[in-house]
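Report on one structure; see the data block that follows.
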Amino acid sequence: MTQPDNGACAAARQRMAGDLVAGRPSEWADAFASVPRHLFVPRFYQQDTTGAWQPLSWGTPGYLETVYSDAALTTQLNEHCVPNSSSSQPSIMLAMLEALDAAEGHHVLELGTGTGYNAALLCHRLGDANMTSIDIDPGLVDAATGRLLLAGANPTVAVRDGAEGYPDRGPYDRIVSTVGLHAIPKPLLQQTTPGAVIVAPLGYGVVRLTVTGPGHATGRFLATPAHFMTRRTDGRAPQFDAALEQNPTDSSVPPTDLLGRLKFPASLALPGYTSCTWRKEDGDLDAVGLWTPDGSTAIAHTSGTVRQIGPQRLWDTIENLARIFGDEPERDAFLLTATPDRQTLFYGDTDGPSWDLPATP
């Protein structure tokens with residue numbers, strides 16, 4: 001069913017756009033006030049009190065208010081009822097689009113078409129002739145293409161793996177990713193013009209890079225916290241049972257640090273890590289589980305004991321981060337440099353603590 005674009009929708013868009021820019025000038029305010037988000041998110045999912053996912057669509061109480069709120073919306077679930085696509089939080093989208101610093105005439109590549117909403121915002125402001133969007137999911141690309149046409153936009157939309165870019169439409173002056181990455185894909189650095197800007201989510205942050213030469217780029221993270229669904233790649237499941245069989249060691253770093261002040265630096269030092277928690281009957285935290293795609297697993301208890309297994313000693317990395325950062329570090333204090341052979345994160349400057357990013361994005 002095609003949702004109507006009535007006065008209530010227009011008023012909701014205007015309110016959301018006004019809230020996003022909060023009275024300051026923004027070249028993107030008109031796009032957010034004009035592009036109908038509900039057209040691109042005809043249905044989304046929210047968890048009920050039991051944890052089950054419930055769909056909301058046009059006519060469901062609260063649908064329109066939620067679509068035009070500053071909230072990320074889960075738009076697709078896989079066969080295991082795990083979210084695998086979403087419409088990003090509008091305030092994060094705005095921050096990334098402003099950081100992109102795109103102007104009319106720029107060739108723009110978007111990684112992660114998703115619903116098509118971000119592509120529509122780009123088309124509204126920049127036109128669709130130089131706009132390209134790619135996604136690895138054929139179903140998403142097909143649906144987004146139809147919605148873009150309904151919204152009056154006709155960019156190039158193709159089924160491609162974002163890690164490979166889309167050289168047929170390059171070179172690009174601007175590249176923006178709406179999918180979380182573990183590193184900047186090397187092909188992207190070869191598909192850009194000199195001085196091009198790349199804005200992409202890495203870990204629990206967003207980095208803004210300027211291309212300084214073929215295969216070379218450098219830049220810092222935005223101050224804004226962010227987290228995006230990552231590229232669909234295969235990874236090993238956590239080895240919790242095997243970890244519990246390991247001899248425990250003592251740690252002075254409380255598990256709550258991983259959930260708080262060390263969350264962002266851990267996402268850079270341990271790309272692709274996932275965490276979970278166990279709680280006691282009274283609701284207090286009992287332990288934190290941590291694992292990476294290579295199967296490395298750690299369990300840290302509030303009692304101070306840690307058990308680890310796998311090729312990486314994950315909690316050793318957490319302890320090292322705790323020694324470096326007394327408080328939660330500012331995101332824009334982190335610098336990323338990329339060369340054809342290596343991508344390295346630095347805290348502060350190139351003489352500060354550093355971590356190499358993986359070869360696979």
Which count do you get for residues in region 292-308 that are more than 17 Å from VAL253 (Cβ to Cβ) and open to solvent by 40 Å² or more (accessible area, probe 1.4 Å)? 2
When THR274 is evaluated against the numbered criteria (1) under 22 Å from the mean Cα position of the chain (by Cα); (2) at pLDDT 95 or above, which criterion, by number, is the only one it fails? (2)
Counting only helices (runs of 4 or more DSSP H) entirely within region 39-127, those with at least 2 residues that are touching a residue at least 12 places away in the same chain (Cβ under 8 Å) and touching a strand residue (DSSP E or B) at 6+ places or on another chain (Cβ under 6 Å) are 90-100, 117-126
Options ASP19, ASP30: the member that is closer than 23 Å to LEU126 by Cα and in contact (Cβ under 8 Å) with a residue 60 or more places away in the chain: ASP30
Every residue from region 129-142 that is in a helix (DSSP H, G or I) and over 21 Å from the mean Cα position of the chain (by Cα): ASP142
Inter-residue pairs, beta-carbon under 7 Å, first over 20 Å from ALA183 (Cα atoms) and in region 273-296, second open to solvent by 40 Å² or more (accessible area, probe 1.4 Å) and in a loop (DSSP other than H, G, I, E, B), 6+ apart: LEU285/THR302; ASP286/LYS280; ASP286/THR302; ALA287/THR302; GLY289/PRO238
Just need a number here: residues in region 128-138 that are touching a residue at least 12 places away in the same chain (Cβ under 8 Å) and either of a type in the set (Ser, Thr, Tyr) or surrounded by fewer than 21 Cβ atoms within 10 Å (Cβ to Cβ) (or both). 6
For the condition out of contact with any helix residue (DSSP H, G or I) (no Cβ under 7 Å at 6 or more places or on another chain) and surrounded by 21 or more Cβ atoms within 10 Å (Cβ to Cβ), what is the one hit in TRP278, TRP315? TRP315
If ASP241 satisfies all but one of (1) part of a helix (DSSP H, G or I); (2) of a type in the set (Asp, Glu); (3) under 30 Å from GLY348 (Cβ atoms), what's the number of the condition it fails? (3)
Output for Cβ contacts, cut-off 7 Å, separation at least six or different chains, first residue among the charged types (D, E, K, R) in region 235-258, second open to solvent by less than 90 Å² (accessible area, probe 1.4 Å), reads ARG236/PRO293; ARG236/ASP294; ARG236/GLY295; ASP250/GLY304; ASP250/THR305; ASP257/ALA322
Residue check, ALA33 touching a helix residue (DSSP H, G or I) at 6+ places or on another chain (Cβ under 8 Å), small (Gly, Ala, Ser) and modelled with pLDDT of 95 or more: yes
So which strands (runs of 3 or more DSSP E) stay within region 161-226 end to end and still have 2 or more residues that are touching a strand residue (DSSP E or B) at 6+ places or on another chain (Cβ under 8 Å) and open to solvent by 30 Å² or more (accessible area, probe 1.4 Å)? 192-202, 205-213, 216-221
Single condition GLU27 does not satisfy, out of (1) at pLDDT 95 or above; (2) open to solvent by less than 30 Å² (accessible area, probe 1.4 Å); (3) not hydroxyl-bearing (Ser, Thr, Tyr): (2)
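The values are calculated or read from the model by the stated rules, or taken from the named source; none is laboratory data. If you're wondering where the values come from, they're calculated on a predicted model, not measured in any experiment. No Cβ is skipped: glycine too gets one built from the backbone with ideal geometry, and neighbour counts run over all protein chains shown. Note: accessible area is taken over every heavy atom of the protein model, side chains too, but ligands, DNA and RNA are not part of it. Shrake-Rupley method; radii C 1.70, N 1.55, O 1.52, S 1.80 Å.
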